[in-house]
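J.: Pasting a structure below so you can have a look.
The values are calculated or read from the model by the stated rules, or taken from the named source; none is laboratory data. Nothing here was measured: the structure is a model prediction, and the numbers come from that model. In this analysis, Cβ positions are derived from the backbone assuming ideal geometry, glycine residues included, and neighbour counts consider all displayed protein chains. Only protein heavy atoms, including side chains, enter the accessible area calculation; ligands, DNA and RNA are left aside. Shrake-Rupley method; radii C 1.70, N 1.55, O 1.52, S 1.80 Å.
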Amino acid sequence: MHIVGLTGGIGTGKSVVASLFVQLGIPVYNSDNKAKWLMNNNDSLKDELVEAFGVNTYGDGVLNKTYLSNLVFNDSEKLKKINEIVHPYVRIDFEEWLNHNSSVPYVIKEAAILIESGAYKQVDSILLVLSDLENRIARVLQRDNVKREDVLARIKNQLSDEEKQKFSDYTIDNNSSLLELEIKVKATHKEILKSL
């Protein structure tokens, strides 16, 4: 089974690209969403997080995202620790998901920090979604209702596009209309199929 890792910085439009691949019949595993789900629903994972970050990690059994975000925002060691705890659970869940999607030519694993986390080593090729800084900021401001400085800080905390491109086999530029993006996704889909 060929696994394409789909990644890109915050606000580049990864999810839109992913949804266009789904329309082409390609299953997409969203690592970030699945990690959040597991952090709220897997008791072993919850226990590990509470042990590492204290009882405030959960309130009434629900993940306290604000508490965790504040803990890791300027502390790369704590961020690394969360990733070390959560990623093995996501990896197991992904393996199970793969078994249920074995009848397609390839699958996509979408992850914001695919390269940073080292998860790129578990995919066969990488598709990077790129977008201009102002477009990215506008998308995140619209989506997350946050301040511009917060968006810039999050972008600054991520690996640069130039660094990510060194790992990438395919890139999709997402600076135009949805129609143009659909055309680019179809072209990339054909390219991936040819390479199999």
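J.: If you roll a 1.4 Å probe over the heavy atoms of the protein chains, what accessible area per residue do you get for the range 28-103, in Å²? Before the final figure, lay out each step's value.
T.: On the way: 4810 Å² over 76 residues.
Per-residue accessible area for the range 28-103 comes out at 63 Å².
J.: Roughly speaking, what is the stretch gain from Asp150 to Val62, that is 0.36 nm per residue apart minus the C-alpha to C-alpha distance, in nm to one decimal?
T.: Gain on stretching Asp150 to Val62: 29.2 nm.
J.: In addition: Each label point is 7 Å from the Cα along the Cα-to-Cβ direction; what then is the distance between the points at Asp43 and Lys78, in nm?
T.: 2.8 nm
J.: Follow-up question, since we're still on this one. Per q in 0.13, 0.18, 0.21 Å⁻¹, report the Debye log10 I(q)/I(0) for the range 53-196, using one uniform scatterer on each alpha carbon and no solvent.
T.: For the range 53-196 at q = 0.13, 0.18, 0.21 Å⁻¹, log10 I(q)/I(0) is -0.80, -1.35, -1.46.
J.: Whole number in Å², please: accessible area per residue of the range 118-170, 1.4 Å probe, ligands, DNA and RNA not counted.
T.: 62 Å²
J.: Rounded to the nearest percent, how much of the accessible area of the chain (1.4 Å probe, protein heavy atoms only) is carbon and sulfur?
T.: Carbon and sulfur together cover 50 percent of it.
J.: For Glu134, what accessible surface area do you get with a 1.4 Å probe? Give it in Å², rounded to 10.
T.: Using a 1.4 Å probe on the heavy atoms, I get roughly 100 Å².
J.: A follow-up question, please. Using the Karplus equation 6.51 cos²θ - 1.76 cosθ + 1.60 (θ = phi - 60°), what ³J(HN,Hα) coupling, rounded to whole Hz, does each residue of the range 82-97 give in order, writing x for Gly and Pro?
T.: 4, 4, 5, 7, 7, 4, x, 5, 5, 4, 5, 4, 5, 4, 5, 4
J.: For the chain, find the longest principal axis of its Cα atoms and tell me its angle to the long axis of helix 178-195, 0 to 90°, nearest 10.
T.: Orientation of helix 178-195: about 80 degrees from the principal axis.
J.: Here's something else I'd like to know. Long-range amide H contacts for Ile126: which residues qualify at under 5 Å (H placed 1.01 Å from N, peptide plane, sequence gap of 5 or more or a different chain)?
T.: Here Gly5, Asp169, Tyr170 satisfy the definition.
J.: Another question about this same structure. Relative to the longest principal Cα axis of the chain, at what angle does helix 43-53 sit, 0 to 90 degrees, rounded to 10?
T.: Value to nearest ten degrees: 60.
J.: Sorted by packing (mean other beta-carbon atoms within 10 Å per residue), highest first, where do 159-165, 24-30, 13-19 land?
T.: Details: 159-165: 13.6, 24-30: 16.4, 13-19: 19.1.
Ranked by mean Cβ neighbours within 10 Å, highest first: 13-19, 24-30, 159-165.
J.: Still on this structure, please answer the following. Expected output is a single nm value to one decimal: the length gained when fully extending between Asp132 and Asp169, i.e. 0.36 nm times separation in residues minus the C-alpha distance. What is it?
T.: Values: separation 37, 0.36 × 37 = 13.32 nm, distance 1.97 nm.
Difference between extended and current length: 11.3 nm.
J.: Place a label point 7 angstrom from the Cα of Met1 along the Cα-to-Cβ direction, then list the residues of the range 176-196 whose backbone nitrogen is under 16 Å away.
T.: Of the residues in the range 176-196, none has backbone N under 16 Å from the label point off Met1.
J.: Take the Cα radius of gyration of the range 3-121 and divide it by 2.2 N^0.38 Å, with N its residue count; two decimals is plenty.
T.: Cα-based Rg divided by the globular estimate yields 1.13.
J.: Taking the chain as the reference, fit the longest principal axis to its C-alpha atoms, fit the long axis of helix 133-144 to the helix C-alpha atoms, and give the angle between the two in degrees, 0 to 90, nearest 10.
T.: 50 degrees
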